1. Across peptide B:31-41, how many C-beta atoms of other chains are within 10 Å of each residue C-beta, on average?
2. Considering only DSSP states other than H, G, I, E and B, which GluC sites (Glu not before Pro) in the stretch B:1-108 qualify as loop sites with at most 16 other Cβ atoms within 10 Å?
3. Amide H of A:T152: which non-local residues (sequence gap of 5 or more, or other chain) have their own amide H closer than 5 Å, using H built in the peptide plane?
4. Per residue in the stretch A:170-209, which ones lose no less than 20 Å² of accessible surface when going from chain alone to all protein chains (1.4 Å probe)?
5. Just the accessible area for B:T89, please: 1.4 Å probe, Å², rounded to the nearest 10?
6. Quick one: order B:S109, B:S148 from most to least accessible surface, probe 1.4 Å.
7. Taking all pairs of different Cα atoms in the stretch B:49-136, averaging 1/r and flipping that mean, what Kirkwood radius in angstroms comes out?
8. For the stretch B:48-74, state which residues have at least 40 Å² less accessible area in the presence of all protein chains than in their chain by itself, taking the probe as 1.4 Å and leaving out ligands, DNA and RNA.
Amino acid sequence: MTSEFEQTLEQFGWLIGEVAVLRSAAFELRHRDDQSRGGEELERFTADAADQIARFDDARNYRPLKTAPNLRHGWRIVCTSAADAEAAVEQLYPGRLAALRAWQRDELSTTALRQTLNRQTGMYRIASRVTDAALNELVGRFCRSDGGCLRTILWKRDGSGAAPSTLLPEAKFNPAYDQTNHGERAVPLLCQEACNLLVAAARAVAKGE
Amino acid sequence: MENAGLLIVGHGSTVNADSSAPTWAHMRQIRRSGAFAEVQCAFWKEEPSLRDALLFFRGGTVRDVYVVPNFISEGYFTQTVIPREIELTGAVTERPGGQIWKYCEPVGSNERVTDLLLKRAREVAPGINPAETTLVIVAHGTELNDNSAVAAKREVQKIRERGLFAAVLNAYMEEPPLIADWAQLTSTPHVVVVPFFISDGLHSYEDIPVLLGMSQHVADGVFRQNPHQLHGRSLYYARAIGTEPEFANLIVEQALAFDAAHKLQSVA
Ligand code: SF4
């Protein structure tokens, strides 16, 4: 019986974000760019250690956003089973498989950016004061797939249904589009609600930083 | 617990790579134990986010979800941020499908934390005579809406009552008694310092070592060079208490304690 994880890959493609899932005897995960490299050139990890890969980029800088397009190279995760591979993907792209499954079942509720900002308390409360124009610019810069984040945005700017940013291409909101811009079939990384990093960036804008 | 899910909630960080590592490690350990049908973690400042946690435990088999904050104490995060983000209405929240989410006490409230602090102290300074040793529990202090200083005081009081060490003291980074004054605060030849934090990070790698007067304060070298000879004393410096693997068991106990406490209440 094929697992739900394998079914997902069959349906969307054996790529997720910057990760390729290779199918030989078992499963192996690598950076998409490293698919044709010899296994012996790559540092070998177990699925349990996948969070160590996710934590730093190639320059050993901390990656606060796991869906940022700066996943490090030079590793392979050799998995013992589909469940093992799924656990590794969950550490590389935390929460994304759960979001995809909810979306497939038509149960993924999205939250408009204004709603997220207005809900904040404490030091983040001020973030709600950002103007629409400033939000348009911020989201266009912060969430862009090229250098920002590889997720597909499903939320709106506010209750009016306005797009999150006019600076982002249509493809940024299309789950069928490969956000790495390689034009391949890939599992989408869905964004159902603005992340804390974007909220923090909105706070900085509101404070004039 | 075969129909139960466990959600471990951590703070996480946008700058500190070590902040969420213990929470992930505890999660993997509890998963391996098989005690729960599903074990997940979520963070305020990292992924999976607290909002993502609303998407977990949908497999169909999970009836009850235990939410355990991996925090040292109650405070702004446990009382305001976590309930707001994961839409908890109280100790018990019923979701539309009938699933019950149970909001447990933070792991730092577990009474065995005291034993873990003592275990840490023994491990970092093996074979030294406790009668010639001062144990210093260091916390941040002055954190807004945070009771971690209160929790640290409680732990010091409990350890003191056991009468093992010559002295047991609280110290803080930003309020008196200051950890920077450790040499004046203590008079024994041995001093053991245990940070009362959930994870290692800048505080335990750099800030506290500098305040203690160590010169080689880089990365985890500080933990490998015990004892440090400073002010004519032997100073032993431990990792943050929350990095202790036993913390995983404390997290599970917090979930079990929830049912025990709430059963008692319904009988009363
Ligand atoms: S809000 Fe969503 S798309 Fe934008 S950076 Fe955060 S996770 Fe990525």
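1. On the way: counts 2, 1, 0, 0, 0, 0, 0, 0, 0, 4, 1.
For this peptide, the per-residue mean of nearby foreign Cβ atoms is 1.
2. Details: sites: B:E2, B:E38, B:E46, B:E74, B:E85, B:E87, B:E94; in loops: B:E2, B:E46, B:E74, B:E87.
Here the GluC sites (Glu not before Pro) that fit, given the DSSP loop and packing criteria, are B:E2, B:E87.
3. A:L189, A:L190, A:C191
4. A:Q192, A:E193, A:N196, A:L197
5. 120 Å²
6. Listed by decreasing accessible area, they come as B:S109, B:S148.
7. Numbers: mean 1/r = 0.0636 Å⁻¹.
Final number for the Kirkwood radius of the stretch B:49-136 is 15.7 Å.
8. Going by heavy-atom accessible area, the residues of the stretch B:48-74 that drop by at least 40 Å² are B:R51, B:D52, B:L55, B:R58.
The values are calculated or read from the model by the stated rules, or taken from the named source; none is laboratory data. Keep in mind that this is a model prediction, so the values were computed, not measured. Note that we place each Cβ from the backbone using ideal geometry, even for glycine, and neighbour counts take in every protein chain shown. The protein model used for the area step is the full one, side chains on, heavy atoms only, and it has no ligands, DNA or RNA in it. Shrake-Rupley method; radii C 1.70, N 1.55, O 1.52, S 1.80 Å.
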